[in-house]
Structures are given as structure tokens and as C-alpha cells.
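Read through the structure below, which is laid out as C-alpha cells, and then see the notes.
The values are calculated or read from the model by the stated rules, or taken from the named source; none is laboratory data. These numbers come from a predicted model, not from an experiment. Cβ placement follows ideal geometry from the backbone for every residue including glycine, while neighbour counts extend to all protein chains displayed.
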Amino acid sequence: MKYLSTRNSNLDFSFFEILFQGLSKDGGLFLPHEWPTLDINSLKNKTYEELAIEVIHPYVSVEISKNDLKKIIDESYKNFSNPKIAPVTTIDQNKYILELFYGPTFAFKDYALQFLGNLFTYALPKASKKLTVLGATSGDTGSAAIHAFRGKQDINVFILHPYKRVSEVQRRQMTTVKDENIFNIAIKGNFDDCQKIVKELFIDDDLQQKTSLTAINSINWARLIAQVVYYFWAFLQIDEKEINFIVPSGNFGNVFSANVAKNMGLPINQLHIATNQNDILHSSISKGLMKKNVVTQTYSPSMDIQVSSNFERQLFESSGRDSESINHIFKEFSKNNSYTFDKNIQNDLQSCYSTTAVSNDETINAIKEIKEKYHYLADPHTATGLHVLLEKEGNLPWVSLACAHPAKFGDVIEKATGEPPVLPKDLSKFFDKEEKMTILDNNKDILKSLILQNI
């Protein structure tokens, strides 16, 4: 399997090359030259770990044997608290919730980042290098990455989060980790500011020469292929001819993983994206207008994003894999903070996805209604999807993704239901620990200096 850049489709990279780079030096994102396909019938009756081997191996087969991949996957999911890893809960006829919060940080990001951490541990000795991991988080990616990489030899981790714009539990899951290889950076700005700094540093030639810089955000392809697994898993648990998914989305990585699954042969009928009030994805797909607005702080902070990095991957596909078109789109978007897609791209986007923008009030009401009607407690990100699920009908199953444990957002849950959620023991422990973080101005050069001082 060889990989290209969305901004230069003529390039050929190996899996290890894109694993360590994360982001292409031309600013593009990596994708395989072709999509492998799987025989669905051959995947039945497998455990989650066995399924993961079959889904992931086509993308890594040149570098990693199936036996070695099995060891990586077994290590990645051995500490998940539910034996099914990603259980599917039925709440009504043809209405299901795929629960993705049984990892060490109680968020769906664990499914990819535990895998990524063990993948790096496997690959680093072969590459004979020391890695500098750089990432931005709107809440859950950071804690999942930190807990995946803490204490790992030859890996330094710098995680940016927007200062005072993540929940207290999300922040403490990051800032109470004291391992010497972990650096928590609070940026005075929003998530898009954090993400912009990361992208700028990845194309900084001086920093690239002085470090082995790699990405752990969902721009890293290895994260996305790990997320593809649970779409196949959900389908196999329900065992119908076709399936629909509702995916709460901010940075577009999770829902693009669903589309990858579809490209690999999973019979997905519809993919529905739920956004919050920061609705650039809703606008881009429903109106054909990608327009950057001011980020609004909402009850679902991990989705408080105006520039969705992984959307570039979808635009590459929707443009007929035309890298020249992608370069043009993002050059214009960078200059004008908006771009109107041509009809061919817009039509393709709408054939792939439907969308809904969910307000704060609708989020609160969905949490309340789901609890009252089905005795199910959902976090505010999950609730954006459940708002959509409540309205769905038909003979095909609809599966909405549960992104995080509700206890991570206690204030919102209490506002919606009148009572705070019970805090699991593994989450409450973070409130007894001292925090450590560095607060920085929104400036890439300041962060660059900090990185160079600590590698």
C-alpha cells in the first residue's frame, strides 16, 4: 500500500513514512492510492480485536505482519473496561447507540490513540529516531494522546489546548499527568488557533530539520484506520443488510472514517453529520459554502471548531482526486476565509452526507428527552447526534455514536437533568492531583522555542 498527498497525488509514501510525518510537507493530508475492499461475510463472529486485524492490515501489510499487528492491537485494547470494547445499545426499534467511552480516558479518541501509541512503540526501534509529538485538542484528543504516550521512551509529547475552553474533567485528565515526556500547553485562544499553530509548525523547515516531528491529531492517517473498525463492528452486531450512521463531528475525522469503511465495502446507506452551533460542516455540505466564522463556545466544546482539517480528505475525493483543485480551494480559503464549491463537488458531498446543526438548547433538550424516554444518560457531544436520532424513522437501523462518558461534562448534565452525573472512580481521581501546564500567547514562535528547549 502506497500513499499520496491531497495536494500532490503523484507522490508515493510508505505507511511508516506517513506515520512519522503525520502531515505532508506540502500541507496536504495522506490518503492511500486505492481503497482495499473486504468480504463482509468473512468478518462475522470475530472479536473486536480480530476484526481490527482484518480491517487495518491492508493499510500496513508491507511494514507489519499480521502476527505483529495482533500484538499491537491486543496491547491497545487490553485495558478497556467493557469486554465487547465498543458495545451497541438498543434504545428503540431500529435505533441504536454505539458506545465509545470504555477506554482509559472515557472518550472515543482512545480507540485510535491507544493503537497509535503502541504503533509508535513498535515502529520507533526500526526507524532509530526520537519523536517529537505535536497535537492540538479541543478536549478529548489531548487526554487520550497523553495517556497513550506517557512514559514512552524516545517520545516527547506537546499537546495544545485552548485556555479555559475545555471542561474541567477534560483539562485535569491532561494536566495531572506528570511524566517528564509530557508537556501541556494552554494557548490563549480557541481550538482553531491551536490547530493553526500545529499546521504552521509542521511546515516550518527549521523545526523539521531539528526534530522528528509527528502528528497525533486525526490528520494522522493511522488514527483514522483504527476508527474504521468500529463501523464494521456495529454493522456486524446488528446484522442487517444495510445500516445508517449519525456521527457528531467537529474535525471531520470520525465521520470520514465511516466513509472509508463504506469505500471498503461496508453497506452504509446514509451518513448523517451532527454539528453544534459552529456549523461550518453543515454549511459546506448543505449550501456548498465553506466559510470561517468566529468560534462560538458551546456545551459540546470538542466540536467548537470552524476549520475541520479532515474535510480536506473528503474534498479531495469529491473533486475526483484532483490535487490541483485542492491547492486552489485552500489557497482561496486561506486568503478569503470562505470558498464556494462548484456544483460537481457540492453534489458529491450531498450524495455522501446529510447534516444537521444542533443548537445549545436542542442539545440540552436531547439530553433531557433521551434520559426521560429511554433512561439513557448522554454527554453533550453524543446528544447532538441523539437529537437527530429521535427524529429518524424507517426500516433500516440508525446507529448514533456515543463519543464520551457523560460524567466528563457534569455541569451540562446537571443543567439538563437537574442532577449531576455519578463520577466514575477512574475520573474522580483526577480531582485529587496537582495540575501542571504552561500558558502561552497565541504565537507559533513562542511554542517553537519551548519545543526546541525541551527535546
Would you check which residues across region 54-80 are assigned to a loop (DSSP other than H, G, I, E, B), within 21 Å of Phe108 (Cα to Cα) and in contact (Cβ under 8 Å) with a residue 24 or more places away in the chain and list them? Asn79, Phe80
Those residues of region 212-269 which are in a strand (DSSP E or B) and not hydroxyl-bearing (Ser, Thr, Tyr), in sequence order: Leu213, Ala215, Ile243, Asn244, Phe245, Ile246, Val247, Pro248, Ile268, Asn269
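When only residues in region 63-79 that are surrounded by 19 or more Cβ atoms within 10 Å (Cβ to Cβ) and in contact with a Gly (Cβ under 9 Å, 6 or more places away or on another chain) count, which is nearest to Arg223 (Cα to Cα)? Working first, answer last.
Initial filter on region 63-79 (surrounded by 19 or more Cβ atoms within 10 Å (Cβ to Cβ)): 64, 69, 72-73, 76-77.
Then keep just the ones that are in contact with a Gly (Cβ under 9 Å, 6 or more places away or on another chain); that gives 76-77.
On the way: Ser76: 13, Tyr77: 14 Å.
It comes out as Ser76.
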Just checking, how many residues over region 33-53 are within 25 Å of Glu242 (Cβ to Cβ) and either free of Cβ contacts under 8 Å to residues at least 12 places away in the same chain or not aliphatic (A, V, I, L, M) (or both)? 13
Given the structure, is Ser128 modelled with pLDDT under 90, closer than 29 Å to Gln306 by Cβ and among the polar types (S, T, N, Q)? no
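Using the structure shown, decide if Thr275 is surrounded by 17 or more Cβ atoms within 10 Å (Cβ to Cβ) and among the β-branched types (Val, Ile, Thr).
Details: surrounded by 17 or more Cβ atoms within 10 Å (Cβ to Cβ): yes; among the β-branched types (Val, Ile, Thr): yes.
So Thr275 fits the description; yes.
Is it true that Ile246 is among the aliphatic types (A, V, I, L, M), surrounded by 24 or more Cβ atoms within 10 Å (Cβ to Cβ), in contact (Cβ under 8 Å) with a residue 40 or more places away in the chain and more than 28 Å from Ile72 (Cβ to Cβ)?
On the way: among the aliphatic types (A, V, I, L, M): yes; surrounded by 24 or more Cβ atoms within 10 Å (Cβ to Cβ): yes; in contact (Cβ under 8 Å) with a residue 40 or more places away in the chain: yes; more than 28 Å from Ile72 (Cβ to Cβ): yes.
Taking the combined requirement at face value, the residue satisfies it.
Taking the criterion of being of a type in the set (Gly, Ala, Ser) and free of Cβ contacts under 8 Å to residues at least 12 places away in the same chain, would at least one residue in region 354-367 satisfy it? Explain how you work it out, then say what you get.
Just the residues of region 354-367 that are of a type in the set (Gly, Ala, Ser), to begin with: 354, 357, 359, 366.
Of the ones still in play, those that are also free of Cβ contacts under 8 Å to residues at least 12 places away in the same chain are none.
No, region 354-367 contains no residue that is of a type in the set (Gly, Ala, Ser) and free of Cβ contacts under 8 Å to residues at least 12 places away in the same chain.
What helices (runs of 4 or more DSSP H) lie completely within region 347-454 and have 2 or more residues being out of contact with any Gly (no Cβ under 6 Å at 6 or more places or on another chain) and of a type in the set (A, V, I, L, M)? Give the steps one after another, and end with the answer.
Details: elements: 360-374, 380-389, 410-417, 425-428, 444-453.
Qualifying helices (runs of 4 or more DSSP H): 360-374, 380-389, 410-417, 444-453.
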Within region 396-455, considering residues that are out of contact with any Ser or Thr (no Cβ under 6 Å at 6 or more places or on another chain) and among the aromatic types (Phe, Trp, Tyr), the one farthest from Lys178 (Cα to Cα): Trp398
Here's a check for you: in region 187-206, which residue that is among the aliphatic types (A, V, I, L, M) and crowded, with 20+ Cβ neighbours inside 10 Å is nearest to Gly135 (Cα to Cα)? Val198
Residue within region 289-308 that is of a type outside the set (A, V, I, L, M, F, W, C) and in contact with a strand residue (DSSP E or B) (Cβ under 6 Å, 6 or more places away or on another chain) present: yes
How many of the residues in region 278-317 are hydroxyl-bearing (Ser, Thr, Tyr), buried (at least 21 other Cβ atoms within 10 Å of the Cβ) and not in a loop (DSSP other than H, G, I, E, B)? 2
From Lys408, Lys425, Lys392, grab the single residue that is out of contact with any Phe, Trp or Tyr (no Cβ under 9 Å at 6 or more places or on another chain) and of a type in the set (Lys, Arg). Lys425
Say whether the condition of being modelled with pLDDT of 90 or more, more than 30 Å from Asn244 (Cβ to Cβ) and not aliphatic (A, V, I, L, M) is met by at least one residue in region 92-103. no
Among (1) of a type outside the set (Phe, Trp, Tyr); (2) buried (at least 22 other Cβ atoms within 10 Å of the Cβ); (3) touching a Gly at 6+ places or on another chain (Cβ under 6 Å) - the single one Asp179 does not satisfy: (2)
Please determine, by comparing only the residues of region 420-449 that are modelled with pLDDT of 95 or more and over 26 Å from the mean Cα position of the chain (by Cα), which one is farthest from His387 (Cα to Cα). Ser449
Single residue of region 110-125 satisfying the filter (within 12 Å of the chain's Cα centre (by Cα) and under 13 Å from Ala86 (Cβ atoms)) that is surrounded by the most Cβ atoms within 10 Å (Cβ to Cβ): Ala112
